[in-house]
Amino acid sequence: MRISATATPDPKVISRRRFLYGAGALVALVAVVGWLKKSARHSAPGPSGTAAALAPAVAFLGALFGRELSDADRTELTDRLAFAVRVTPGLSADYEVLARQLDRLARDSGGGQFLKASSAQREAIIDRIMRIEPPSLAERAWAHFVRTRKRYYHMRFETVPQLAWLYRHSGVPWRARGYARWQGIPGDWREYTRAGAPYP
Amino acid sequence: MIGGRAYDLCIIGAGLAGGLLAAQATRKGHSVALLEAGSRFRFGERSTQLLHHQTLAGPRWPWLNEGRDHYVDSSTDSIGVGYALNSNRVKGVGGSTLHWDGRINRLMPVDFSAATGNGLGMDWPITYEELEPWYSQADWELGVSGTWHPAMPPRSRAFPMQGFPISVDDAVWVPIADRLGIEVFPTPWAINSRPFAGYSQCVAFAACQICPSGARYSAQRHIAIAESSGLCELSPETVARRIDLGPSGEVKAIHARRLDGQEVEVRARVYVIAAHAVESARLLLLSKVGNHADQVGRNLMEHVYVDTGGYLSDRRFYPGRVGYEVLESLSYYRSRERGQRGGIKLEFTFDQDPLRDLDSRGLWGSRLAQHDRDRFGRWIGVEAETEMQPNPDSRVTLDAGQTDLFGDPVPNIRFAFSAPDHRTRQQAGEILANLLHEVGASEVSQDPLGATSWGAHHMGTCRMSRDPDQGVVDSDCRVHGTSNLYVAGSSVFPTSGALQPSLTIAALTLRLAEHLQQVLS
């Protein structure tokens with residue numbers, strides 16, 4: 001049987017070339033869909049201001065300042081973080097980057113999530129984050145093109161200082177020092193003319 | 001909308017000077033157009049503003065607009081450290097009184113004759129005695145709580161409110177000051193020690209960076225008075241861009257643009273620029289007005305603080321507890337030797353947060369918590385507010401390379417020190433080190449010129465002078481060579497002294513208001 005070069009191929013027979021084309025297209029399609037899903041996940045207005053979404057940042061602050069947070073501490077920090085997210089576009093994304101980085105480091109140290117890590121593990125993770133060196137000029141230039149590097153440095157040198165400011169200006173450190181009032185908490189202004197309670 | 005008619009008075013800038021002037025003018029029945037580049041922050045939003053500051057601070061402060069407030073800082077080239085202008089000013093209805101300590105002093109009589117009395121700087125064209133009645137009126141307009149001490153300048157009228165006593169921590173300095181022959185006394189504050197002017201007494205005494213109750217003075221008080229008269233039209237988010245000056249020296253109009261892009265033209269009989277030392281000079285430079293002697297923008301001054309502190313192992317204080325250190329001293333204000341150095345005022349402090357060592361000392365986690373337990377409350381410090389001499393090389397210019405959101409050149413600020421400034425800071429450092437030695441502090445450290453060591457007091461750039469070639473405005477604060485253009489605020493200060501400028505701004509403004517009353521009548 002002669003097979004003409006121009007003959008219509010049998011649609012049920014898949015040539016090797018067609019198979020390769022198809023497989024390539026499928027892989028590309030999967031990649032594109034995956035990327036689109038990931039992008040959508042990042043840009044979608046998720047539950048960024050919820051207590052659950054902010055829990056890693058709260059836990060991070062407790063570990064950063066070496067304090068076992070009380071329920072009152074956690075509530076106050078959560079409220080303040082929620083306020084910060086509400087009034088500052090982009091901040092929730094910054095906190096998400098931090099949370100992912102914390103979880104990644106927790107996995108690296110053999111655990112699961114940062115939130116489930118022990119105090120010692122958390123302190124070790126904080127140590128790794130705080131020891132990140134400022135980028136050199138070349139690294140800064142490189143980070144300009146590589147989004148993950150840019151986020152990495154932004155997390156350490158923008159997000160962490162902002163969170164530290166928030167913590168220092170909250171009631172949490174004052175409570176730890178035995179204070180009952182601090183900025184914005186009204187009371188008798190003459191209190192400063194009397195000795196305070198002994199330090200804990 | 002503002003600009004639809006002619007006004008008696010057009011004021012550019014709704015801060016302390018602009019707000020007070022607007023109130024005074026409307027009290028006399030004059031119509032006022034009040035332009036403010038910043039936004040209006042409602043009084044009822046104070047608690048939210050405080051929360052905003054406590055959670056975000058830095059460049060995310062609510063009053064900052066990057067496109068509008070862009071500037072270039074060349075100070076690193078001249079003095080080795082940069083100047084964060086936007087962290088040291090507030091653009092908004094109320095200006096910098098939206099976010100300030102509230103410490104409030106008169107200048108010393110000798111400050112008005114700095115050249116003849118101290119051999120440095122220049123003499124003001126007015127004396128302390130001429131300004132004294134206005135100082136007294138300013139005390140009552142702003143609401144000052146104070147207790148007079150012989151070391152303070154003479155005054156013709158008592159403080160409107162009783163002063164705040166010294167704190168339990170401040171008392172540690174009293175026997176040491178006695179031993180050294182230094183006079184210490186509680187500083188006056190523009191904070192209510194009793195209900196005053198329709199606002200409550202302070203319930204947390206100065207501890208809040210943004211006062212949620214209104215007990216600390218803000219120019220919003222006077223702007224409210226002006227607006228309630230029905231004679232003042234306030235236009236926030238309106239940036240004055242050009243002064244239209246006729247050939248006879250008479251200003252015809254102010255051209256401005258709102259942040260929403262709308263053009264505004266305001267016509268008035270008299271115009272007052274009250275946009276603080278940087279923006280007042282910038283507007284004159286942009287308009288090519290008042291600069292025939294190349295004086296606009298020159299002699300930019302600030303108060304540089306020298307900070308010294310150490311630790312006491314045998315005593316714990318209560319820093320940051322509701323309350324505030326209030327003790328100060330003028331015993332070293334002037335040197336015995338003429339021409340050697342500028343003024344030095346001492347302020348005593350206990351406020352240092354060990355948690356700030358997070359990055360600077362490489363402490364975090366449990367080590368930082370232990371550091372806080374060990375160090376908090378043991379720190380004792382003295383700060384010296386120092387006088388900066390007028391210096392023509394310390395200046396505001398227009399930056400040729402960068403523009404704001406409207407396409408206008410941004411201000412380029414360049415602080416410069418002179419030899420007496422270095423001597424002032426050096427001597428301040430010696431005085432402070434001796435005090436820390438006397439109190440028995442250990443680990444004494446001194447930061448002569450750090451990023452946090454500025455007073456956020458911008459002065460000069462449009463200074464007063466009798467001689468039109470030596471300054472920008474005359475003794476009535478009218479721009480030399482013009483007939484109806486004035487400048488209000490600390491930009492007209494010929495010298496800075498070493499005392500907070502707010503009360504002098506208010507006194508000069510009240511004096512200007514009286515002059516304008518005569519002009520407008």
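Can you name the residue in the range B:148-179 that is within 14 Å of another protein chain (Cβ to nearest Cβ), of a type outside the set (A, V, I, L, M, F, W, C) and assigned to a loop (DSSP other than H, G, I, E, B) and, of all such residues, is nearest to B:ARG216 (Cα to Cα)? That would be B:GLY163. In this structure, B:ARG316 does not satisfy being part of a loop (DSSP other than H, G, I, E, B), within 30 Å of B:PRO390 (Cα to Cα), touching a residue at least 24 places away in the same chain (Cβ under 8 Å) and of a type in the set (D, E, K, R).
This table checks each residue for (1) in contact with a Ser or Thr (Cβ under 8 Å, 6 or more places away or on another chain); (2) modelled with pLDDT of 85 or more.
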{"residue": "A:ALA99", "(1), (2)": "no, yes"}
{"residue": "A:ASP103", "(1), (2)": "no, yes"}
{"residue": "A:PRO134", "(1), (2)": "no, yes"}
{"residue": "A:ALA143", "(1), (2)": "no, no"}
{"residue": "A:TYR179", "(1), (2)": "no, yes"}
{"residue": "A:TYR192", "(1), (2)": "yes, yes"}
{"residue": "A:PRO200", "(1), (2)": "no, no"}
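With respect to (1) out of contact with any helix residue (DSSP H, G or I) (no Cβ under 8 Å at 6 or more places or on another chain); (2) within 11 Å of chain B (Cβ to nearest Cβ); (3) not small (Gly, Ala, Ser), the lone exception for A:ARG147 is condition (2).
Scan the range A:155-200 for residues that are acidic (Asp, Glu) and at the interface with chain B (Cβ under 7 Å from one of its Cβ atoms) and jot them down. Explain how you work it out, then say what you get.
As a first pass, look at the range A:155-200 and keep what is acidic (Asp, Glu): A:158, A:188, A:191.
Matches in the range A:155-200: A:GLU191 only.
Among the residues making up the range B:262-313, those that are in a strand (DSSP E or B) and of a type in the set (D, E, K, R) are B:GLU263, B:GLU265, B:ARG267, B:ARG269, B:ASP307.
Can you pull out the residues in the range A:65-98 that are of a type in the set (D, E, K, R) and surrounded by fewer than 21 Cβ atoms within 10 Å (Cβ to Cβ)? Residues satisfying the conditions are A:ARG67, A:GLU68, A:ASP71, A:ARG74, A:GLU76, A:ASP79, A:ARG86, A:GLU96.
When you scan the range B:393-504 for strands (runs of 3 or more DSSP E) that lie fully inside it, which ones turn up with 3 or more residues that are at pLDDT below 95? Correct list: B:442-447. Considering only the range B:195-219, state which residues are more than 16 Å from B:LEU50 (Cα to Cα) and outside any strand (DSSP E or B). Hits for the range B:195-219 are B:PRO195, B:ALA197, B:GLY198, B:SER200, B:GLN201, B:ALA219.
Applying the condition of being part of a loop (DSSP other than H, G, I, E, B), surrounded by fewer than 24 Cβ atoms within 10 Å (Cβ to Cβ) and away from every other protein chain (no Cβ under 14 Å) to the range B:180-194 and asking which residue is farthest from the chain's Cα centre (by Cα) yields B:GLY181.
Out of curiosity, is A:ASP127 part of a helix (DSSP H, G or I), at the interface with chain B (Cβ under 9 Å from one of its Cβ atoms), without any contact (Cβ under 8 Å) to a residue 60 or more places away in the chain and over 20 Å from B:GLY320 (Cβ atoms)?
On the way: part of a helix (DSSP H, G or I): yes; at the interface with chain B (Cβ under 9 Å from one of its Cβ atoms): yes; without any contact (Cβ under 8 Å) to a residue 60 or more places away in the chain: yes; over 20 Å from B:GLY320 (Cβ atoms): yes.
Considered against the rule, which asks whether it is part of a helix (DSSP H, G or I), at the interface with chain B (Cβ under 9 Å from one of its Cβ atoms), without any contact (Cβ under 8 Å) to a residue 60 or more places away in the chain and over 20 Å from B:GLY320 (Cβ atoms), A:ASP127 comes out as yes.
Would you be able to tell me the number of residues in the range B:320-375 that are within 28 Å of the chain's Cα centre (by Cα), touching a residue at least 60 places away in the same chain (Cβ under 8 Å) and either on the phi > 0 side of the Ramachandran plot or assigned to a helix (DSSP H, G or I) (or both)? Looking only at that region, the number is 3.
Going by the conditions given, is B:ALA197 surrounded by fewer than 18 Cβ atoms within 10 Å (Cβ to Cβ) and aliphatic (A, V, I, L, M)? Give the steps one after another, and end with the answer.
On the way: surrounded by fewer than 18 Cβ atoms within 10 Å (Cβ to Cβ): yes; aliphatic (A, V, I, L, M): yes.
Criteria met by B:ALA197.
Please determine whether any residue of the range B:57-76 is at pLDDT below 95 and charged (D, E, K, R). Checked the range B:57-76: at least one residue is at pLDDT below 95 and charged (D, E, K, R). Looking only at residues of the range A:163-198 that are free of Cβ contacts under 8 Å to residues at least 24 places away in the same chain and in contact with a helix residue (DSSP H, G or I) (Cβ under 8 Å, 6 or more places away or on another chain), we find that the one that is nearest to A:ASP79 (Cα to Cα) is A:HIS169. Taken over the range B:244-260, the residue count meeting the criterion of being assigned to a strand (DSSP E or B) and closer than 19 Å to B:GLY15 by Cβ is 3.
Looking across the range B:339-390, the residues that are within 30 Å of B:ALA416 (Cα to Cα) and polar (S, T, N, Q) come down to B:GLN340, B:THR349, B:GLN352, B:SER360, B:THR386, B:GLN389.
The values are calculated or read from the model by the stated rules, or taken from the named source; none is laboratory data. All values reported here derive from a predicted model rather than from experimental measurement. Cβ atoms come from the backbone with ideal geometry, glycine included; neighbour counts cover every protein chain shown.
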